[in-house]
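> My questions all concern the structure below.
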Amino acid sequence: MSDTNTPVGGEDHPSGYWTFHSPINIDEVATALLLADIAYDALSQAATLRPGASEGREETPEETDFESQSTVVYAQDWTEDNRPNMPVPGQWVFEPERDWNEAWRRGIEPVRIGHVLIVPPWLDAQISSQSGDIRFIIDPGQAFGTGHHETTTHCIQALVDTDLNGKRVADIGTGTGILAMVAAALGATEVMAVDIDSTAVRIARDIIADHQPRLFPNTRMMCAQGSADSIPTPPTFDVVVANMISPVLMEIANDLARLLSPNGQLIMSGISNQRAQEVENAFAQEGIKLSITPGVEWALAIGHTMERNDER
Ligand code: SAH
(Lines give C-alpha, C1' and ligand atoms only; values in the text may rest on other atoms or scores of the structure.)
Protein backbone atom coordinates (compact mmCIF):
# COMPACT_ATOMS: atom_id res chain seq x y z
CA MET A 1 0.00 0.00 0.00
CA SER A 2 2.79 2.37 -0.86
CA ASP A 3 0.34 4.82 -2.50
CA THR A 4 -0.76 5.84 0.99
CA ASN A 5 2.65 7.26 1.72
CA THR A 6 2.31 10.55 -0.12
CA PRO A 7 3.34 13.26 2.34
CA VAL A 8 1.00 16.10 3.31
CA GLY A 9 2.83 19.30 4.29
CA GLY A 10 6.27 19.20 5.84
CA GLU A 11 8.30 20.97 3.20
CA ASP A 12 7.95 24.36 4.83
CA HIS A 13 8.52 23.14 8.36
CA PRO A 14 12.08 22.31 9.27
CA SER A 15 11.19 21.19 12.78
CA GLY A 16 8.45 18.76 13.70
CA TYR A 17 7.56 15.10 13.34
CA TRP A 18 5.68 12.80 11.01
CA THR A 19 2.48 11.09 11.97
CA PHE A 20 0.48 8.51 10.09
CA HIS A 21 -3.32 8.88 10.21
CA SER A 22 -5.25 5.74 9.42
CA PRO A 23 -9.05 5.36 9.31
CA ILE A 24 -8.62 1.85 10.71
CA ASN A 25 -9.22 1.20 14.41
CA ILE A 26 -6.32 1.09 16.85
CA ASP A 27 -6.30 -2.67 17.48
CA GLU A 28 -6.13 -3.52 13.80
CA VAL A 29 -3.39 -0.94 13.20
CA ALA A 30 -1.37 -2.28 16.15
CA THR A 31 -1.68 -5.84 14.86
CA ALA A 32 -0.74 -4.87 11.30
CA LEU A 33 2.32 -2.91 12.49
CA LEU A 34 3.39 -5.79 14.67
CA LEU A 35 3.08 -8.29 11.77
CA ALA A 36 4.99 -5.92 9.46
CA ASP A 37 7.66 -5.45 12.15
CA ILE A 38 7.29 -1.64 12.15
CA ALA A 39 8.46 0.07 15.32
CA TYR A 40 6.66 3.18 16.56
CA ASP A 41 6.58 5.29 19.72
CA ALA A 42 2.87 5.76 20.18
CA LEU A 43 -0.55 4.97 18.81
CA SER A 44 -3.51 7.12 19.66
CA GLN A 45 -7.12 6.59 18.89
CA ALA A 46 -9.13 9.41 17.42
CA ALA A 47 -12.88 8.88 17.36
CA THR A 48 -14.45 10.08 14.14
CA LEU A 49 -17.45 12.34 14.35
CA ARG A 50 -20.68 11.71 12.55
CA PRO A 51 -21.03 14.16 9.67
CA GLY A 52 -22.13 17.59 10.86
CA ALA A 53 -21.66 16.80 14.54
CA SER A 54 -18.65 19.02 15.16
CA GLU A 55 -19.65 22.12 13.23
CA GLY A 56 -19.17 25.26 15.28
CA ARG A 57 -19.45 23.62 18.68
CA GLU A 58 -17.98 20.95 20.85
CA GLU A 59 -19.22 17.46 20.25
CA THR A 60 -21.07 15.60 22.94
CA PRO A 61 -20.11 11.98 23.66
CA GLU A 62 -23.36 10.76 22.05
CA GLU A 63 -22.38 12.39 18.79
CA THR A 64 -19.06 10.62 18.61
CA ASP A 65 -19.23 7.66 16.30
CA PHE A 66 -17.24 5.04 18.13
CA GLU A 67 -17.69 2.54 15.32
CA SER A 68 -15.36 4.39 13.00
CA GLN A 69 -12.36 5.10 15.18
CA SER A 70 -9.26 6.19 13.38
CA THR A 71 -5.70 5.89 14.58
CA VAL A 72 -2.66 8.15 14.66
CA VAL A 73 0.77 6.48 14.64
CA TYR A 74 3.78 8.44 15.78
CA ALA A 75 7.53 7.82 15.95
CA GLN A 76 10.11 10.39 16.92
CA ASP A 77 12.73 9.18 14.43
CA TRP A 78 10.53 9.20 11.32
CA THR A 79 11.85 11.81 8.90
CA GLU A 80 11.02 12.94 5.39
CA ASP A 81 13.25 10.18 3.96
CA ASN A 82 12.84 7.59 6.65
CA ARG A 83 9.22 6.56 6.85
CA PRO A 84 8.11 2.93 6.63
CA ASN A 85 5.66 1.58 4.08
CA MET A 86 2.52 1.30 6.10
CA PRO A 87 0.57 -1.96 5.98
CA VAL A 88 -2.74 -0.10 6.52
CA PRO A 89 -4.43 2.64 4.50
CA GLY A 90 -3.93 6.21 5.65
CA GLN A 91 -2.04 9.41 5.14
CA TRP A 92 1.26 10.86 6.32
CA VAL A 93 0.87 14.21 8.11
CA PHE A 94 3.70 16.44 9.24
CA GLU A 95 3.10 18.03 12.66
CA PRO A 96 5.21 21.15 13.04
CA GLU A 97 6.81 21.56 16.46
CA ARG A 98 5.04 24.18 18.53
CA ASP A 99 6.52 26.14 21.33
CA TRP A 100 4.01 24.96 23.91
CA ASN A 101 5.49 27.11 26.63
CA GLU A 102 5.06 30.23 24.54
CA ALA A 103 1.54 29.21 23.45
CA TRP A 104 0.61 28.59 27.09
CA ARG A 105 2.02 31.93 28.19
CA ARG A 106 0.07 33.77 25.55
CA GLY A 107 -3.11 32.24 26.98
CA ILE A 108 -2.51 33.59 30.50
CA GLU A 109 -4.34 36.81 31.32
CA PRO A 110 -4.04 39.00 34.41
CA VAL A 111 -6.83 38.44 36.94
CA ARG A 112 -8.73 41.19 38.73
CA ILE A 113 -11.05 40.70 41.71
CA GLY A 114 -12.03 44.13 43.02
CA HIS A 115 -8.76 45.88 43.83
CA VAL A 116 -6.84 42.63 43.87
CA LEU A 117 -4.84 42.31 40.66
CA ILE A 118 -2.73 39.24 39.87
CA VAL A 119 -0.28 39.55 37.00
CA PRO A 120 2.11 36.96 35.55
CA PRO A 121 5.75 38.19 35.69
CA TRP A 122 6.11 38.47 31.91
CA LEU A 123 3.17 40.95 31.74
CA ASP A 124 4.35 43.03 34.69
CA ALA A 125 5.79 45.80 32.52
CA GLN A 126 2.73 45.95 30.25
CA ILE A 127 -0.12 45.92 32.77
CA SER A 128 -0.53 49.09 34.79
CA SER A 129 -2.26 49.27 38.16
CA GLN A 130 -5.21 51.48 38.99
CA SER A 131 -5.15 53.55 42.13
CA GLY A 132 -5.85 51.45 45.20
CA ASP A 133 -4.84 48.22 43.50
CA ILE A 134 -3.23 45.45 45.52
CA ARG A 135 -0.93 44.00 42.93
CA PHE A 136 0.49 40.49 43.05
CA ILE A 137 3.07 39.11 40.66
CA ILE A 138 2.69 35.35 40.50
CA ASP A 139 4.11 32.92 37.97
CA PRO A 140 1.21 30.59 37.15
CA GLY A 141 3.51 27.65 36.49
CA GLN A 142 4.51 27.24 40.12
CA ALA A 143 1.66 26.04 42.31
CA PHE A 144 -2.12 26.24 42.52
CA GLY A 145 -3.33 29.73 43.36
CA THR A 146 -3.01 32.25 40.55
CA GLY A 147 -6.58 33.48 40.51
CA HIS A 148 -7.31 31.70 37.25
CA HIS A 149 -9.47 29.10 38.96
CA GLU A 150 -13.05 29.88 39.96
CA THR A 151 -12.47 28.55 43.48
CA THR A 152 -9.58 30.97 44.12
CA THR A 153 -11.64 33.86 42.75
CA HIS A 154 -14.52 33.00 45.11
CA CYS A 155 -12.21 32.98 48.14
CA ILE A 156 -10.50 36.24 47.15
CA GLN A 157 -13.90 37.90 46.64
CA ALA A 158 -15.05 36.67 50.07
CA LEU A 159 -11.85 38.02 51.67
CA VAL A 160 -12.33 41.37 49.90
CA ASP A 161 -15.91 41.49 51.28
CA THR A 162 -14.72 40.84 54.86
CA ASP A 163 -13.34 43.38 57.31
CA LEU A 164 -9.91 41.93 57.95
CA ASN A 165 -8.41 44.84 59.83
CA GLY A 166 -6.46 43.61 62.82
CA LYS A 167 -7.72 40.05 62.28
CA ARG A 168 -6.04 36.70 62.79
CA VAL A 169 -6.39 34.53 59.68
CA ALA A 170 -5.57 30.89 58.86
CA ASP A 171 -5.19 29.72 55.25
CA ILE A 172 -5.41 25.93 54.95
CA GLY A 173 -3.99 24.59 51.65
CA THR A 174 -2.22 27.81 50.76
CA GLY A 175 -0.73 26.76 47.35
CA THR A 176 1.07 29.87 46.11
CA GLY A 177 0.12 31.67 49.34
CA ILE A 178 -2.33 33.88 47.45
CA LEU A 179 -5.21 33.85 49.95
CA ALA A 180 -2.86 34.36 52.91
CA MET A 181 -1.29 37.33 51.11
CA VAL A 182 -4.63 38.85 50.13
CA ALA A 183 -5.76 38.62 53.78
CA ALA A 184 -2.52 40.25 54.94
CA ALA A 185 -2.73 43.01 52.34
CA LEU A 186 -6.33 43.66 53.41
CA GLY A 187 -5.22 44.37 56.97
CA ALA A 188 -4.93 41.05 58.81
CA THR A 189 -2.23 41.38 61.45
CA GLU A 190 -1.44 37.71 61.82
CA VAL A 191 -1.70 35.05 59.10
CA MET A 192 -0.93 31.36 59.40
CA ALA A 193 -0.64 29.51 56.08
CA VAL A 194 -0.21 25.74 55.79
CA ASP A 195 -0.05 23.22 52.96
CA ILE A 196 0.63 19.49 53.07
CA ASP A 197 2.76 19.77 49.95
CA SER A 198 6.37 20.73 50.77
CA THR A 199 6.93 22.15 47.28
CA ALA A 200 3.92 24.45 47.65
CA VAL A 201 5.28 25.61 51.03
CA ARG A 202 8.67 26.41 49.54
CA ILE A 203 7.08 28.32 46.65
CA ALA A 204 4.61 30.13 48.91
CA ARG A 205 7.41 31.23 51.24
CA ASP A 206 9.33 32.75 48.31
CA ILE A 207 6.28 34.49 46.89
CA ILE A 208 5.28 35.81 50.34
CA ALA A 209 8.81 37.10 50.95
CA ASP A 210 8.71 38.91 47.58
CA HIS A 211 5.44 40.66 48.37
CA GLN A 212 5.72 41.30 52.10
CA PRO A 213 7.85 44.51 52.08
CA ARG A 214 5.54 46.25 49.61
CA LEU A 215 2.09 44.93 50.54
CA PHE A 216 2.02 43.79 54.18
CA PRO A 217 5.21 44.83 55.96
CA ASN A 218 3.60 44.73 59.40
CA THR A 219 1.71 41.45 59.19
CA ARG A 220 3.04 38.50 61.14
CA MET A 221 3.11 35.83 58.42
CA MET A 222 3.84 32.19 59.02
CA CYS A 223 3.96 29.51 56.37
CA ALA A 224 4.49 25.88 57.35
CA GLN A 225 4.05 22.40 56.01
CA GLY A 226 0.98 20.76 57.50
CA SER A 227 -2.78 20.92 57.65
CA ALA A 228 -5.52 22.20 59.95
CA ASP A 229 -4.56 19.61 62.56
CA SER A 230 -1.00 20.93 62.84
CA ILE A 231 -2.16 24.35 64.04
CA PRO A 232 -2.56 24.43 67.82
CA THR A 233 -5.39 26.33 69.51
CA PRO A 234 -5.96 28.53 71.43
CA PRO A 235 -5.69 31.17 70.18
CA THR A 236 -8.36 30.64 67.55
CA PHE A 237 -8.75 32.54 64.26
CA ASP A 238 -11.20 35.29 63.24
CA VAL A 239 -11.16 34.03 59.67
CA VAL A 240 -10.28 30.56 58.38
CA VAL A 241 -10.03 30.14 54.63
CA ALA A 242 -9.70 26.74 52.95
CA ASN A 243 -9.89 26.11 49.22
CA MET A 244 -9.73 22.35 48.77
CA ILE A 245 -11.87 19.64 47.23
CA SER A 246 -14.95 18.56 49.19
CA PRO A 247 -13.71 15.18 50.48
CA VAL A 248 -10.68 16.89 52.06
CA LEU A 249 -12.79 19.71 53.51
CA MET A 250 -15.16 17.16 55.05
CA GLU A 251 -12.28 15.12 56.39
CA ILE A 252 -10.76 18.12 58.18
CA ALA A 253 -14.11 19.74 59.12
CA ASN A 254 -13.52 19.00 62.78
CA ASP A 255 -10.17 20.80 62.83
CA LEU A 256 -11.49 23.73 60.77
CA ALA A 257 -14.25 24.12 63.35
CA ARG A 258 -11.70 23.95 66.18
CA LEU A 259 -9.58 26.72 64.58
CA LEU A 260 -12.54 29.10 64.27
CA SER A 261 -13.23 31.76 66.92
CA PRO A 262 -16.78 31.82 68.33
CA ASN A 263 -17.72 34.76 66.09
CA GLY A 264 -15.32 33.83 63.34
CA GLN A 265 -15.94 33.29 59.66
CA LEU A 266 -15.04 30.23 57.63
CA ILE A 267 -14.50 30.78 53.89
CA MET A 268 -14.33 27.71 51.66
CA SER A 269 -14.42 26.84 47.99
CA GLY A 270 -13.33 23.76 46.05
CA ILE A 271 -16.85 22.43 46.61
CA SER A 272 -18.50 21.46 43.35
CA ASN A 273 -22.04 22.83 43.08
CA GLN A 274 -23.39 19.27 43.17
CA ARG A 275 -21.70 18.37 46.45
CA ALA A 276 -22.64 21.52 48.35
CA GLN A 277 -25.47 19.88 50.32
CA GLU A 278 -23.24 17.03 51.44
CA VAL A 279 -20.59 19.47 52.65
CA GLU A 280 -23.23 21.60 54.37
CA ASN A 281 -24.42 18.53 56.30
CA ALA A 282 -20.89 17.51 57.27
CA PHE A 283 -20.13 20.95 58.68
CA ALA A 284 -23.46 21.13 60.52
CA GLN A 285 -22.26 18.05 62.40
CA GLU A 286 -19.29 20.12 63.58
CA GLY A 287 -21.50 23.02 64.70
CA ILE A 288 -20.81 25.20 61.63
CA LYS A 289 -23.68 26.67 59.64
CA LEU A 290 -22.72 27.13 55.99
CA SER A 291 -24.32 29.46 53.49
CA ILE A 292 -23.61 28.26 49.99
CA THR A 293 -23.45 30.38 46.85
CA PRO A 294 -23.26 28.19 43.76
CA GLY A 295 -20.85 29.29 41.05
CA VAL A 296 -20.34 28.35 37.42
CA GLU A 297 -18.95 25.01 38.51
CA TRP A 298 -17.71 25.58 42.05
CA ALA A 299 -19.57 26.92 45.05
CA LEU A 300 -18.48 29.37 47.71
CA ALA A 301 -19.32 28.42 51.30
CA ILE A 302 -19.30 30.90 54.15
CA GLY A 303 -19.57 29.37 57.59
CA HIS A 304 -20.25 30.61 61.09
CA THR A 305 -20.33 28.86 64.41
CA MET A 306 -23.94 27.92 65.15
CA GLU A 307 -25.73 29.80 67.87
CA ARG A 308 -27.07 27.57 70.61
CA ASN A 309 -30.60 28.05 69.27
CA ASP A 310 -29.61 27.20 65.65
CA GLU A 311 -30.94 23.89 64.38
CA ARG A 312 -28.40 21.09 64.54
N1 SAH B 1 -5.28 28.41 48.42
C2 SAH B 1 -4.90 28.34 47.03
C3 SAH B 1 -4.55 26.92 46.61
C4 SAH B 1 -5.70 25.96 46.64
S5 SAH B 1 -5.28 24.39 45.91
C6 SAH B 1 -6.02 28.91 46.17
O7 SAH B 1 -7.08 29.17 46.70
O8 SAH B 1 -5.84 29.07 44.97
C9 SAH B 1 -5.35 23.33 47.30
C10 SAH B 1 -4.05 23.24 48.05
O11 SAH B 1 -4.32 22.45 49.22
C12 SAH B 1 -2.92 22.54 47.33
O13 SAH B 1 -1.77 23.35 47.36
C14 SAH B 1 -2.72 21.23 48.11
O15 SAH B 1 -1.36 20.85 48.21
C16 SAH B 1 -3.26 21.57 49.46
N17 SAH B 1 -3.85 20.46 50.23
C18 SAH B 1 -4.50 19.36 49.78
N19 SAH B 1 -4.95 18.62 50.82
C20 SAH B 1 -4.57 19.26 51.95
C21 SAH B 1 -4.73 19.01 53.34
N22 SAH B 1 -5.37 17.94 53.79
N23 SAH B 1 -4.21 19.90 54.20
C24 SAH B 1 -3.54 20.99 53.79
N25 SAH B 1 -3.35 21.29 52.49
C26 SAH B 1 -3.85 20.44 51.58
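The values are calculated or read from the model by the stated rules, or taken from the named source; none is laboratory data. Quantities reported herein were computed from a predicted structural model and do not represent experimental measurements. As a convention, Cβ positions derive from the backbone with ideal geometry for all residues, glycine included, and neighbour counts pool all protein chains shown.
> Does residue 88 fit the bill of being crowded, with 18+ Cβ neighbours inside 10 Å and over 30 Å from residue 298 (Cβ atoms)? Step through it out loud before you land on a result.
On the way: crowded, with 18+ Cβ neighbours inside 10 Å: yes; over 30 Å from residue 298 (Cβ atoms): yes.
Judged against the criteria, residue 88 is a match.
> Looking at the range 223-250 only, could you name the residues that are in a helix (DSSP H, G or I) and either within 15 Å of residue 282 (Cα to Cα) or among the charged types (D, E, K, R) (or both)?
If we filter the range 223-250 for residues that are in a helix (DSSP H, G or I), which is where we start, we get 228-230, 246-250.
If the condition is that a residue be in a helix (DSSP H, G or I) and either within 15 Å of residue 282 (Cα to Cα) or among the charged types (D, E, K, R) (or both), then 229, 246, 247, 248, 249, 250 are the ones that fit.
> For a quick check of your reading of the model, give me the residue pairs whose first member lies in the range 275-286 and is more than 12 Å from residue 254 (Cα to Cα), whose second is outside any helix (DSSP H, G or I), with beta-carbon atoms closer than 6 Å and at least 6 apart or on different chains.
As it stands, the answer is 276/292; 276/299; 279/271; 280/290, since those pairs meet every condition given.
> Residue pairs, Cβ under 6 Å, 6 or more apart or interchain, first in the range 194-216 and under 18 Å from residue 228 (Cα atoms) and part of a helix (DSSP H, G or I), second near the ligand (Cβ under 9 Å from one of its atoms) and of a type in the set (Ser, Thr, Tyr). List them.
So the pair list comes out as 204/174; 204/176.
> Considering only the range 194-229, state which residues are buried (at least 17 other Cβ atoms within 10 Å of the Cβ) and touching an Asp or Glu at 6+ places or on another chain (Cβ under 6 Å).
201, 228
> Let me ask you something else. Restricting to the range 52-78, and then to whatever is surrounded by 11 or more Cβ atoms within 10 Å (Cβ to Cβ) and of a type in the set (S, T, N, Q), can you tell me which residue is modelled with the highest pLDDT?
Of everything passing the filter in the range 52-78, 71 is modelled with the highest pLDDT.
> If you take the residues of the range 127-157 that are more than 13 Å from residue 178 (Cβ to Cβ) and not hydroxyl-bearing (Ser, Thr, Tyr), which of them is surrounded by the most Cβ atoms within 10 Å (Cβ to Cβ)?
Initially, the range 127-157 is screened for residues more than 13 Å from residue 178 (Cβ to Cβ), giving 127-133, 141, 150.
With not hydroxyl-bearing (Ser, Thr, Tyr) added as a condition, the list becomes 127, 130, 132-133, 141, 150.
On the way: 127: 14, 130: 9, 132: 7, 133: 14, 141: 11, 150: 16.
Only one residue fits best here, namely 150.
> Okay, next question. Hey, which of the strands (runs of 3 or more DSSP E) in the range 68-181, taking only ones fully inside, have at least 1 residues that are within 22 Å of residue 213 (Cα to Cα)? Walk me through how you get there before you give the answer.
Details: elements: 91-96, 111-113, 116-119, 134-137, 168-172.
In the range 68-181, the matching strands (runs of 3 or more DSSP E) lie at 111-113, 116-119, 134-137, 168-172.
> Still on this structure, please answer the following. Given the criterion of a type in the set (D, E, K, R), closer than 21 Å to residue 207 by Cα and within 16 Å of the ligand (Cβ to nearest atom), identify the matching residue among 161, 171.
Details: 161 fails: closer than 21 Å to residue 207 by Cα.
Of the residues listed, the single one that is of a type in the set (D, E, K, R), closer than 21 Å to residue 207 by Cα and within 16 Å of the ligand (Cβ to nearest atom) is 171.
> Please count how many residues of the range 251-276 are within 9 Å of the ligand (Cβ to nearest atom), in a strand (DSSP E or B) and on the phi < 0 side of the Ramachandran plot.
Qualifying residue count for the region: 1.
> In addition: Looking only at the range 230-250, decide whether some residue is away from the ligand (no atom under 16 Å from the Cβ), assigned by TED's automatic domain parsing to the domain that holds residue 193 and within 20 Å of the chain's Cα centre (by Cα).
No, the range 230-250 contains no residue that is away from the ligand (no atom under 16 Å from the Cβ), assigned by TED's automatic domain parsing to the domain that holds residue 193 and within 20 Å of the chain's Cα centre (by Cα).
> Only one of 118, 127, 138 is farther than 24 Å from residue 255 by Cα, away from the ligand (no atom under 16 Å from the Cβ) and in contact with a strand residue (DSSP E or B) (Cβ under 8 Å, 6 or more places away or on another chain); which? Quick ask: steps written out before the conclusion?
Values: 118 fails: away from the ligand (no atom under 16 Å from the Cβ); 138 fails: away from the ligand (no atom under 16 Å from the Cβ).
Of the residues listed, the single one that is farther than 24 Å from residue 255 by Cα, away from the ligand (no atom under 16 Å from the Cβ) and in contact with a strand residue (DSSP E or B) (Cβ under 8 Å, 6 or more places away or on another chain) is 127.
> Does residue 19 meet the test of being within 14 Å of residue 89 (Cα to Cα), surrounded by 16 or more Cβ atoms within 10 Å (Cβ to Cβ) and either modelled with pLDDT of 85 or more or in contact with a helix residue (DSSP H, G or I) (Cβ under 8 Å, 6 or more places away or on another chain) (or both)? Let's see the steps before the verdict.
On the way: within 14 Å of residue 89 (Cα to Cα): yes; surrounded by 16 or more Cβ atoms within 10 Å (Cβ to Cβ): yes; either modelled with pLDDT of 85 or more or in contact with a helix residue (DSSP H, G or I) (Cβ under 8 Å, 6 or more places away or on another chain) (or both): yes.
Yes; evaluated as a whole, the condition is true for this residue.
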